2 protein chains.
Amino acid sequence: MRKTASTNTINKEQLEANCGIAYTNSILSGRWKLSILAFLLDEKKLRYSELRNRLTGISERMLIVKLKELQADDLINRISHPEVPPRVEYELSKKGKSLESILIEMSKWGTKNATKK
Amino acid sequence: MRKTASTNTINKEQLEANCGIAYTNSILSGRWKLSILAFLLDEKKLRYSELRNRLTGISERMLIVKLKELQADDLINRISHPEVPPRVEYELSKKGKSLESILIEMSKWGTKNATKK
DNA sequence: GAAAGTACATACAAAATTGTAGGATACTAA
DNA sequence: TTAGTATCCTACAATTTTGTATGTACTTTC
């Protein structure tokens with residue numbers, strides 16, 4: 001990122017930096033997605049029911065909705081096994097894995113600052 | 001945030017206590033905060049009107065609301081100069097500056113992935 | 001003396017997000 | 001026959017977030 005700008009015009013780098021952040025934000029913001037991604041980063045592959053158990057308080061509807069959005073953004077893969085009862089697993093896609101550094105930074109910052117309040 | 005009485009809030013507090021990511025998310029999520037912080041990281045100190053101009057499309061109400069929330073979370077400082085017409089500047093606090101690595105990672109990821117779709 | 005600039009505030013409304021309740025499927029075990 | 005399991009779906013309702021419109025205090029400029 002850049003240093004102080006003395007004029008009131010916004011330069012290209014600034015706009016792009018902000019655009020990048022705004023795009024990432026639009027993909028990740030909301031109450032559940034980051035947690036879903038974090039669990040998948042941690043445990044590689046999780047079943048629907050395993051995710052449901054880890055995400056304390058999430059409704060089945062929200063879990064489905066958010067999993068679908070994450071698939072639509074190509075951040076996770078859905079692996080469906082044709083069995084009865086059904087078995088479906090989720091894992092990070094390549095694009096999803098590329099979020100690792102963001103997730104790690106957010107986790108570190110959170111654990112460091114969560115208690116201070 | 002939801003009412004304290006709802007079961008969801010209880011679960012949210014649990015998540016915040018147990019998971020750094022959830023805490024960080026609860027502090028940063030929403031449409032504007034990350035952009036506000038990014039501009040302040042870039043330009044060190046900005047007046048209210050300068051922020052308003054950079055955050056294309058934000059209403060004055062939202063800007064005030066979000067600036068107050070960021071102050072309440074001790075991420076930014078408000079510097080009021082006793083002049084007429086009023087002059088108020090905002091800057092990152094120490095805690096706000098500690099978000100730098102998150103902001104940079106999100107900016108990088110966004111600019112890298114935004115065009116691909 | 002009317003307009004314009006600053007940094008807000010307030011009431012209200014629209015939109016987005018999240019939640020609740022119930023059901024569908026389709027096989028399997030009792 | 002009845003109940004159980006895992007994954008997901010749909011209608012609808014509550015909650016949260018964001019937006020619109022308007023006002024305020026004060027002073028300089030036209």
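No value in this document is a laboratory result; all are computed from the given coordinates. Keep in mind it's a predicted model, so treat the numbers as computed, not measured. Cβ placement follows ideal geometry from the backbone for every residue including glycine, while neighbour counts extend to all protein chains displayed.
Summary of computed values
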read-out	value
Neighbourhood net charge (10 Å Cβ-Cβ; Lys/Arg +1, Asp/Glu -1) for B:LYS66	+3
Highest to lowest packing among B:36-46, B:71-81, scored as the average C-beta count within 10 Å	B:36-46, B:71-81
Cross-link pairs beyond the 28 Å C-alpha cut-off, checked among A:LYS66/A:LYS108; A:LYS45/B:LYS33; A:LYS44/A:LYS68; A:LYS112/B:LYS33	A:LYS45/B:LYS33
Alpha-carbon centroids, the stretch B:88-117 and the stretch A:24-65: separation in whole Å	23 Å
Environment charge at A:GLU91 (Cβ cut-off 10 Å; Lys +1, Arg +1, Asp -1, Glu -1)	+2
Residue mean of other protein chain beta carbons inside 10 Å, A:30-36	4
Alpha-carbon spread of the stretch B:26-117, three principal axes, descending order, Å	48, 27, 23
Spin-label model distance (nm) - A:GLU50 vs A:ASN77, 7 Å beyond Cα toward Cβ	1.5 nm
